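Take a look at the structure set out below.
The values are calculated or read from the model by the stated rules, or taken from the named source; none is laboratory data. No experiment lies behind these values; they were computed from the predicted model shown. Ideal geometry is used to build each Cβ from the backbone, glycine not excepted, and the neighbour counts take in all protein chains shown.
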Amino acid sequence: MNESIHVVGSFILAGILLYGLWQGTRRRRRRHERKQASAVRVIDKINTFPHFGQKIAYLRKIDPFVFEELLLEGFERRGFEVIRNRRYTGDGGIDGRVKIDGQTWLIQAKRYTSYIAVGHVRDFSDLLNATGARGFFCHTGKTREGTKSLIRGDSRMILVSGQKLLDLIATDAPFIPYPGYRPPTEMVHPEQETT
């Protein structure tokens, strides 16, 4: 009798745990879907603003997770394969990945209102060097000359900020992810064509 109660209790407990895991996964998936939908709305709205300053100011106010999704959406709209994280926190400094020319690039997204923290750039540089990957450090802030020098000194890192950031999410501007990149013919924007 006691053994039967233990077996039944174990099944009930296992069922409760499985249900909790399933609910947590559903909740995370719905949260991702909401952030992705918000990112699409932000891109559409930003592209109606006439001035650079308006666009950057708006980006500095959005939810940080929406900013991450906005970057991934920008790469996706450009025809690149995007690999999203399963969660927004605890990602080890990687906010997403994008495949370009068969190579996986890491994405670090930082929504700043002022100057970017050089420590964040160093941490991302260390991560790139440890993994052997290349990456995009994307941000909405300002970049001091010393930080720019640090980034220029790291051949694995590309800075995406200011106009380059806006070009990534623009619907009518070319975006060249790194120097020397040549998009496939079907992806060439009219302003990128050479004669």
Single unsatisfied condition, D123 versus (1) out of contact with any strand residue (DSSP E or B) (no Cβ under 6 Å at 6 or more places or on another chain); (2) closer than 25 Å to R182 by Cα: (2)
Pairs where the first residue, in the stretch 161-178, is free of Cβ contacts under 8 Å to residues at least 60 places away in the same chain and the second is surrounded by 15 or more Cβ atoms within 10 Å (Cβ to Cβ) and part of a helix (DSSP H, G or I), C-beta under 6 Å, 6+ apart: A173/D167
Options T147, T140: the member that is surrounded by 15 or more Cβ atoms within 10 Å (Cβ to Cβ) and at pLDDT 95 or above: T140
Top-ranked residue in the stretch 89-137 [being part of a loop (DSSP other than H, G, I, E, B) and crowded, with 19+ Cβ neighbours inside 10 Å; ranked as nearest to the chain's Cα centre (by Cα)]: D95
